[in-house]
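The values are calculated or read from the model by the stated rules, or taken from the named source; none is laboratory data. Just so it is clear, the structure is predicted and the values come from calculations on it, not from any experiment. Virtual Cβ from ideal backbone geometry, glycine too; neighbours counted across all protein chains shown. Quick note on the areas: whole protein, heavy atoms, side chains included, nothing else; ligands and nucleic acids left out. Shrake-Rupley method; radii C 1.70, N 1.55, O 1.52, S 1.80 Å.
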Amino acid sequence: MPSSLFSQSIAARLDMKRVRVLVLGPFLALGLVLIVLWALVGWFALVYPRSLVQDLQDDLESVAQNAALETEVLLRETEGNLRTIDLLMLTRKPEAQDRDATVSLLADTMRDSARGMTDVMLANTDGRLWRIPSVTGEPYLTLGPDSFLTALRRPGGPGIVIGAPLRLREGAHLVLPMATRLSARAGEFDTVVAFLDLDGLLKLYRPRIMRTGMAIFLERKDGVAMARWPEIAGLLGRNLKDLRGGRVLPPDAPASGRFLVAESPVDGLDRIVAYRSLQDYPLRLFVSFERDRILAGYLKQRRVVLGFSMLVSAIAIGLMAWFTRVQARARLREAERQATSDASPMGLFRCDLSGRTVDANETYLRLLEVDRASLAWGWLERLPEAERETVRAQWAALAATGESVDRVRRLTRRDGGEMLVALRMRPMRIDGHIVAHAGTVADISAELAVERERERSQAVMSALAQSVAVMMLAVDSDERVLFCNKAFEQRFDIAHRSWVGRGAQELLGDRYAAVRPLILRAFAGEASVIEMREDDMRDEASRPMPLDVNADGRGDARYIELSYAPLLSDAGTIIGAYGVARDVTEVKQEQMRLLKASNTDPLTELLNRAGFSAYVDAALRRASDRGELVALLYMDLDRFKPVNDEYGHPVGDALLKAVAGRLRHALRPQDLVARLGGDEFAVFLHHVAKPEDARVVADKLVHALAMPFRIGALELRIGASVGFCVQWAREVRIDALVMQADEQLYRAKRAGRGQASGSLCAGRPQGQPG
Ligand SMILES: Nc1nc2c(ncn2[C@@H]2O[C@H](COP(=O)(O)OP(=O)(O)OP(=O)(O)O)[C@@H](O)[C@H]2O)c(=O)[nH]1
């Protein structure tokens with residue numbers, strides 16, 4: 001496997017590991033918390049109660065031991081007292097022992113001073129007991145022959161016996177009898193009995209009861225209840241075996257121990273018990289505690305702990321669900337970021353504060369021909385080897401200072417080709433601290449080539465625009481000047497490039513009004529071309545070039561052709577307008593000269609038939625628009641043919657010229673005069689004030705031509721017949737006018753020549769203003 005692929009797979013594995021840690025980390029942490037929590041809960045639910053019981057049993061055991069010791073001490077003291085009496089009695093006479101003064105003194109002393117001992121008596125074999133001293137001589141108490149004392153008399157029986165609790169008198173405290181055989185019979189007495197005050201014994205126990213629910217119970221090994229605190233009425237003296245569920249430890253049971261009682265026969269409660277056997281007496285001391293009472297506190301705690309644990313678990317599960325959702329969203333965002341980053345036409349990268357690239361998209365890798373394993377400084381391989389270390393040091397310094405980078409670098413491809421790369425980098429800040437850098441890399445080789453090409457073509461275009469004679473102007477959609485060429489600058493006397501940012505109106509001055517409609521049409525997407533006399537551009541509004549009958553195409557008038565078109569962006573949207581203004585005076589003059597030639601009679605330089613027809617058409621339209629009266633006069637020279645015949649055509653031609661001159665002289669400059677052919681002439685009058693004016697003009701012409709003509713040395717007389725008609729321009733067509741005028745001419749000729757005949761129209765037509 002190639003080393004780069006190998007390290008790439010390691011990098012991928014490391015990346016996956018990082019992702020897994022990030023994804024699973026919170027779940028593992030929460031899972032761990034839950035495991036620890038429930039382990040603690042398990043310990044608390046299963047182990048802790050047992051240890052509670054054990055601790056309690058330890059306590060109970062210690063109480064039992066101490067209480068047993070104290071009981072034993074008390075019993076021993078009592079036994080000691082019994083032995084003392086026994087010894088004393090050995091020294092006394094056997095008669096009337098119960099009244100012996102010394103023994104009585106001793107007994108009294110013991111009653112008063114011995115701990116717990118309330119009385120001492122002597123017993124005979126049939127179970128009757130006498131106090132010491134016996135005041136009455138009568139037995140104080142009768143136990144009967146089968147009392148506990150019988151055990152003393154059994155051969156091999158115990159040296160000392162303890163009887164069941166009894167009352168010496170009705171209503172007196174319970175006492176515990178303890179007896180021993182006298183070493184020597186004293187009369188009928190063979191036994192001395194001491195009575196221990198049970199209350200005194202219980203007083204010993206009471207301080208041991210540390211809490212409610214605790215009990216101390218003294219039991220004789222055969223099962224007889226000897227003492228209990230707290231007291232239970234009717235219990236003492238009874239054998240446990242006789243109670244429900246009662247049970248007695250076997251004689252060979254260990255001297256001490258502990259156990260759980262499911263249900264105590266004494267009070268019917270479940271108890272935890274520790275016991276201790278007295279060493280020298282057949283007694284056991286039980287210390288117990290109500291199981292429910294010790295667990296009550298625990299159970300309350302357990303409810304709290306379980307509730308708390310379930311709450312924590314619910315929160316943890318909720319958190320996990322929330323984490324899952326957050327992570328799903330975050331992963332989706334990350335995947336989206338990754339995909340869009342990879343789809344970006346630009347290389348995107350991030351580098352740390354030491355300048356090492358730590359993340360990049362696919363475009364970056366492809367562009368710089370770097371593989372992910374060598375991401376950190378792989379791009380340096382695109383530089384000449386000699387430069388790499390220097391560039392690396394510079395880059396690291398830039399990254400350390402957090403400087404923004406905007407530069408273009410020339411890099412070498414793996415195949416040896418070159419590319420130009422635009423590099424931009426900016427610091428990433430968190431709370432004002434630079435934590436990393438992010439940037440873009442773009443291959444601008446192609447853009448640069450295009451840009452250079454564009455610059456070149458712009459230079460060419462600009463040079464062309466500056467060198468041509470036509471004026472060029474480009475404005476943006478606010479009519480601010482984007483460009484105007486040298487011809488424009490010169491014509492409008494603007495300093496070079498001083499037009500930058502100025503408004504078209506300011507630049508064009510009084511010509512703006514004429515140009516603006518074209519600019520607006522261009523903004524609307526329409527290209528338009530018009531020709532104007534330059535003088536007219538200064539008028540309020542541009543208007544088409546008027547038909548000037550007398551214009552001869554020469555003179556001072558300059559003509560401009562304006563063409564405007566929309567200025568389009570690369571995207572095809574209109575961003576302004578551009579226009580070209582061309583001086584077309586010479587072309588115009590030539591056009592007018594040709595037009596004039598085609599419309600002019602070369603001999604007389606009057607309009608010919610075609611020219612007359614064209615001009616009359618236009619003049620009639622204009623007159624119609626204005627609601628004017630118009631008149632058409634047809635004229636034929638009288639007796640012209642004889643001049644030709646007599647003096648030749650050149651004289652005839654000269655005469656025709658003279659006629660033309662006289663006609664022009666007789667008419668207003670704006671009246672149209674034409675030679676229709678031969679010796680026929682026509683005159684069109686527009687803006688006739690009243691119909692009769694036409695007759696006046698006709699008569700004036702007849703009169704003008706009746707005057708002799710001087711041609712060279714000749715004086716020639718001819719005349720003219722005129723037919724005319726007058727009509728409201730709005731109501732007549734040209735051919736009708738021609739017909740009428742021709743008819744009237746015919747009439748004038750027939751009437752003897754040298755006169756005018758005409759038809760005048762009726763009054764002003766309806767609806768026509770006066
Ligand atoms: N010199 C000259 N003569 C022309 C020209 N054109 C036409 N004519 C002549 O003009 C004459 C016109 O004829 P008419 O109108 O019958 O002659 P007229 O003598 O005026 O006759 P009335 O009109 O009846 O009086 C003809 O003899 C044509 O040859 C031209 O250009 N030059």
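Express in Å², to the nearest 10, the accessible area of residue 241 obtained by rolling a 1.4 Å probe over the protein heavy atoms while all chains stay in place.
Roughly 130 Å² of residue 241 is accessible to a 1.4 Å probe.
For the chain, what relative contact order do you get, as a whole percent, if you take Cα pairs closer than 8 Å and at least 6 residues apart?
Here the relative contact order equals 6 percent.
Among 701, 634, 580, which residue has its Cα furthest toward the positive end of the charge dipole of the chain, with +1 on Lys/Arg Cβ and -1 on Asp/Glu Cβ?
580
Order the following by accessible area, largest value first: 197, 55. Probe radius 1.4 Å; ligands, DNA and RNA are ignored.
Result of the area sort, largest leading: 55, 197.
Report for the chain the percent antiparallel among DSSP-assigned beta bridges with both residues inside it, nearest 5.
95
So what are the ³J(HN,Hα) numbers for region 643-650, from phi and the Karplus equation (6.51, -1.76, 1.60; θ = phi - 60°), rounded to whole Hz, Gly and Pro as x?
Going residue by residue, I get 5, 4, 5, 7, 10, x, 5, x Hz, with x marking Gly and Pro.
Report in % the part of the accessible area of region 344-444 that belongs to carbon and sulfur, leaving out ligands and nucleic acids; probe 1.4 Å.
52
With every protein chain left in place, what is the accessible area of residue 460 in Å² (1.4 Å probe, nearest 10)?
Residue 460 exposes around 80 Å² with every protein chain in place.
Once the Cα atoms of helix 734-750 and of the chain are each reduced to a long axis, what angle between those two axes, in degrees from 0 to 90 to the nearest 10, is obtained?
Orientation of helix 734-750: about 10 degrees from the principal axis.
Using the Cα atoms as the points, what is the convex hull volume per residue of the chain in Å³?
Dividing the Cα hull volume of the chain by its residue count gives 438 Å³.
With charges only on Cβ, +1 for K and R and -1 for D and E, what is the dipole size of the chain about its Cα centre, in debye, rounded to 20?
In total the dipole reaches around 1140 debye.
What accessible area, in Å² to the nearest ten, does a 1.4 Å probe give for residue 310?
The accessible area of residue 310 comes to roughly 120 Å².
With all protein chains present, how much of the accessible area of region 599-760 (probe radius 1.4 Å) comes from carbon and sulfur, to the nearest whole percent?
51
Can you list residues whose amide H is under 5 Å from residue 558's amide H, if they're 5+ apart or on another chain and H is modeled 1.01 Å from N?
Amide H to amide H, under 5 Å and 5 or more residues apart or across chains, residue 558 pairs with 534, 535.
Once neighbouring chains are kept in place and the probe is 1.4 Å, which whole percent of the accessible area of region 21-320 is contributed by carbon and sulfur?
Carbon and sulfur together cover 59 percent of it.
Counting each DSSP H run of 4 or more residues in the chain as -39500 (n - 2.57), what helix-only mean residue ellipticity at 222 nm follows after dividing by all residues, to the nearest 500 deg cm²/dmol?
So the calculated ellipticity at 222 nm is -14000 deg cm²/dmol.
In the chain, what is the count of Lys pairs whose alpha carbons are under 22 Å apart, counting only pairs at least 8 residues apart or on separate chains?
Going through the chain pair by pair, I get 8.
Given a cut-off of under 8 Å on Cα pairs at least six residues apart, what relative contact order in percent is computed for region 20-125?
Answer for region 20-125 is 18 percent.
Could you put 721, 467 in order of accessible surface area, largest first, with the 1.4 Å probe and the full protein assembly present?
From most exposed to least exposed: 467, 721.
Can you give me the relative contact order of region 21-320 as a percent, contacts being Cα pairs under 8 Å and 6 or more apart?
RCO, region 21-320: 19 percent.
For a protection proxy built on the mean count of beta-carbon atoms within 10 angstrom, sort 391-401, 106-116, 282-292 highest first, please.
282-292, 106-116, 391-401
When only the heavy atoms of the protein chains count and the probe is 1.4 Å, how do 48, 298 rank by accessible area, highest first?
Putting 48, 298 in descending order of accessible area: 48, 298.
Under a 1.4 Å probe, what is the accessible area of the chain per residue, stated in Å²?
54
Non-local amide H neighbours of residue 185 (under 5 Å, H modeled in plane, Pro and chain starts lacking H): which ones?
Those lying under 5 Å, H to H, from residue 185: there are none.
Using bins 10 angstrom wide from zero, how does P(r) for region 381-429 break down, in % of all Cα pairs?
23, 48, 25, 3
Once a ≥ b ≥ c are taken as the square roots of the eigenvalues of the Cα gyration tensor of region 565-695, is the result rounded (a/c under 1.5), prolate (a/b larger than b/c) or oblate (a/b not larger than b/c)?
Cα axes put region 565-695 in the oblate bin.
Step through the residues of region 282-296 one at a time and calculate ³J(HN,Hα) from phi using the Karplus curve (6.51 cos²θ - 1.76 cosθ + 1.60, θ = phi - 60°), rounding each to whole Hz and writing x for Gly and Pro.
My calculation for region 282-296 gives x, 10, 10, 10, 9, 10, 9, 9, 5, 5, 4, 5, 5, 7, 4 Hz in order.
Do any GluC sites (Glu not before Pro) in region 373-460 lie in a loop, going by DSSP, with at most 10 other beta-carbon atoms within 10 Å of their beta carbon, and if so which?
Here no GluC sites (Glu not before Pro) fit, given the DSSP loop and packing criteria.
Expressed as a whole number of Å, what is the distance separating the alpha-carbon centroids of region 170-238 and region 100-165?
Their Cα centres are 15 Å away from one another.
Taking +1 at the Cβ of each Lys and Arg and -1 at the Cβ of each Asp and Glu, which of 467, 198, 288 sits farthest along the dipole of the chain towards its positive end, judged by Cα position relative to the Cα centre?
Farthest towards the positive pole: 198.
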